[in-house]
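The values are calculated or read from the model by the stated rules, or taken from the named source; none is laboratory data. As the structure is a prediction and not an experimental result, all values here were calculated from the model. Reconstructed Cβ throughout: ideal geometry from the backbone, glycine too, with neighbour counts over all protein chains shown.
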Amino acid sequence: MPGSELKILLASPRGFCAGVTRAVQIVSMALKKFGTPVYVRHEIVHNKYVVQKLADEGAVFVNELDEVPDGSVVIFSAHGVPLSVIEEAKRRALTTIDATCPLVEKVHKEARKNHNDGRKTLLIGHKGHPEVIGTMGQIPADEIKLISSVSDIDAIPADWADNLGYVTQTTLSLDETAELLQALKSRFPSIVKPHQNDICYATTNRQKAVKAIAKKCDLLMVIGAPNSSNSKRLVEVAKEAGCAHSVLVQRAADINPDDLAGVKTLGITAGASAPEVLVREVIDTLAGHFKITLSEHVETEEKVSFPLPASLRE
């Protein structure tokens, strides 16, 4: 029988963004069109549940193209890939489908525009993240540098100062990035900014929704994967916004109800690559241990959608 009372406050928007929805649809539709197996370079999105579900349907996830047999269909993940990967796929005559999020592709285009206009590029992002690797692979390696902290700004060559542009990873913390950009613009007043903010609408909206509920929560759970940048940022944002006890949870099975002792209000959100089914799974599990009252804070409505690649619309 359920025990003590627990108020659950859901943050909205949460969960799948338009880019993730599109990427998952691309894999499912490719399987229907081409049959199994269809190969996917890297996790299509950073979520084990989603990846396993697609693997069960016949998708084969690989780390690099050399694991893909000749004549196969291969899908590039939502995080984007370096140009060298696209060139290798062409050389091997693989059938490719690009599931790169259009907002990540926008960052790629900005980096290439800097290069074409004779500017060096600074990429603000996290080292080793697939999106960062993909963006840095759009232009020659000696024309782009990764900036992950204010201290990295000191290592920028002085001769870059007069002809410099920047781009950012799409899943960064808004506040952290604003602080870094302030320092960057202070040192390089003429630095060329992107045409539009690179941090995507979904990252922005999910962070704002978390900020709105953080102080009302004794504990805030972010449902997402440990390798999901936007999910980890939500944990950080919640702590900075007033909920010191903020945690990342992959599945309901990871939750120990005893850890919620003394929690009166539990906030729940989900990263942009975590499906709503995992949110419902957590709520249903908690309902077996507590008397739940459910409410939702809606920060904004999202109506964004992206078209599928032409090869899958035929």
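For the stretch 223-260, how many residues are within 24 Å of A287 (Cα to Cα), within 21 Å of the chain's Cα centre (by Cα) and either among the charged types (D, E, K, R) or outside any helix (DSSP H, G or I) (or both)?
Qualifying residue count, the stretch 223-260: 9.
Select from the stretch 95-107 the residues that are charged (D, E, K, R) and in a helix (DSSP H, G or I) and list them in ascending order.
E105, K106, listed by residue number.
Any idea which of (1) under 14 Å from the mean Cα position of the chain (by Cα); (2) crowded, with 21+ Cβ neighbours inside 10 Å is the one P102 doesn't satisfy?
Result: P102 passes all but (2).
For E240, only one of the following conditions fails: (1) among the charged types (D, E, K, R); (2) closer than 15 Å to A209 by Cβ; (3) at pLDDT below 95. What is its number?
(3)
Select from the stretch 143-194 the residues that are among the polar types (S, T, N, Q) and under 12 Å from G125 (Cα atoms) and list them in ascending order.
S148, S149, T168, Q169, T170, T171, S173, T177
Being touching a helix residue (DSSP H, G or I) at 6+ places or on another chain (Cβ under 9 Å) and of a type in the set (K, R) is the filter here, so list the residues in the stretch 169-217 that pass it.
Matches in the stretch 169-217: R187, K193, R206, K208, K211.
Taking into account only those residues within the stretch 261-310 that are in a helix (DSSP H, G or I) and acidic (D, E), which is nearest to S28 (Cα to Cα)?
Taking the stretch 261-310 and keeping what is in a helix (DSSP H, G or I), we get 276-287, 310.
From the residues that got through so far, the ones that are acidic (D, E) too are 276, 281, 284.
Numbers: E276: 18, E281: 23, D284: 27 Å.
That would be E276.
Out of (1) surrounded by 14 or more Cβ atoms within 10 Å (Cβ to Cβ); (2) in contact with a strand residue (DSSP E or B) (Cβ under 8 Å, 6 or more places away or on another chain), the odd one out for E176 is which?
(2)
Could you list, in sequence order, the residues of the stretch 123-152 that are among the aliphatic types (A, V, I, L, M) and farther than 19 Å from E87 by Cβ?
Let us first name the residues in the stretch 123-152 that are among the aliphatic types (A, V, I, L, M), namely 123-124, 132-133, 136, 139, 141, 144, 146-147, 150.
Listed by number, the residues that qualify are L123, I124, V132, L146, I147, V150.
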